[in-house]
Amino acid sequence: MKVCLPQTEDYNNEFSVIAISRSFTLRARSANERLEWIDAIQTAIKENEQHLLSFLNRRSLTQSSIPELNLGKVAPLWIPDSRVSMCQRCTSVFTVTFRRHHCRACGKVVCGPCSDYLAPLEYKKFRNFRVCEECYHYLVQEFDDEDSNMFERVKAVANVEDNHQVTNMMDIIRSNFKEMGTAGRRKPSKKYRKYVPQRLIEVTANDSGSQHSGWLHKKSGRNWKRYWFVLKDQVMYKYKASEDIKALLSIPVLGYELEALNEQDNFKYVFQLKHQGQDPLVFGADNEQSYERWMKAMREATTLS
């Protein structure tokens, strides 16, 4: 079991628990309460590992009882539907009729054509589950790879000693890898999938190497709309949701003038980016902490270091 924290401060009350059979994300009422829960869970993990060490005589146990979180071996963290507006494989936009599916191997939210595959998953005792195309091909290759020690893994999961019986099980499991009716042949229609410039897919909404990311309200005329923004390499990327893989817009901010503004339309924390010959870009933050973080990141991004 392992405890992980989110990469962005906008979800600073959340934490994830990753285990072999099930992984999930929890939200505390405050950052302090989150720390208390994490300390309690990590203490319980450590005590359990010490208990296993004494009774099972294991030679070594690390802080995590899961040495590697490989596809199919451990239950993935499911990305919430609300944090994705498009397929995380092909970028097709979801609608009421063009539905979301979760890959049971990686946890990503994908469309029907990109997840029209079945694969036996080790953490599910090699039962078949729906997976995305990328995970499907990885799992097939891993199963056929002699270096993956798959025979011993199946033997351990099935708790079977007879090698002949394990061999028969291997044949059955291998036959359960299936490309379903539309896999690899039917792609999302142009209604859902559009041409995407390379600059909009270079940085994802959850990019771990960004300078800063989070929710902001952007003013357009008299209206405000909430978007997820990522600041990386002095470029600001705008997304509809916080786990999208394609940006709606990219704005190089080097050379822009950053200015704090007074309260506007019930937004207390407001700032704008100005550039000669262009309309100003006005943003509103949800709270003072978010505002201060964005102002600091923008000062660094708009000037040459």
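The values are calculated or read from the model by the stated rules, or taken from the named source; none is laboratory data. Note that the coordinates shown come from a computational prediction; the quantities given were computed from them, not determined experimentally. Methodologically, a virtual Cβ is constructed for each residue, glycine included, from the backbone with ideal geometry; neighbour enumeration extends over all protein chains shown.
The figures follow:
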| read-out | value |
| --- | --- |
| Options VAL96, VAL157; residue that is assigned to a helix (DSSP H, G or I), within 30 Å of LEU26 (Cβ to Cβ), among the β-branched types (Val, Ile, Thr) and not assigned by the TED database to the domain that holds LYS238 | VAL157 |
| In the range 239-266, residue farthest from ILE79 (Cα to Cα) [restricted to those that are buried (at least 19 other Cβ atoms within 10 Å of the Cβ) and out of contact with any helix residue (DSSP H, G or I) (no Cβ under 6 Å at 6 or more places or on another chain)] | TYR256 |
| Unique match (being in contact with a Leu (Cβ under 9 Å, 6 or more places away or on another chain) and part of a loop (DSSP other than H, G, I, E, B)) among THR204, THR303 | THR303 |
| Criterion (surrounded by 20 or more Cβ atoms within 10 Å (Cβ to Cβ) and among the basic types (Lys, Arg)) met by exactly one of LYS108, LYS124 | LYS108 |
| 1 or more residues small (Gly, Ala, Ser) and more than 27 Å from SER82 (Cβ to Cβ): qualifying strands (runs of 3 or more DSSP E) within the range 220-286 | 257-261 |
| Filter result (more than 20 Å from the chain's Cα centre (by Cα), surrounded by 16 or more Cβ atoms within 10 Å (Cβ to Cβ) and at pLDDT below 95) within the range 190-218 | TYR192, ARG193 |
| Strands (runs of 3 or more DSSP E) wholly inside the range 1-87 containing at least 1 residues that are of a type in the set (S, T, N, Q) and either in contact with a strand residue (DSSP E or B) (Cβ under 8 Å, 6 or more places away or on another chain) or at pLDDT 85 or above (or both) | 14-18, 23-27 |
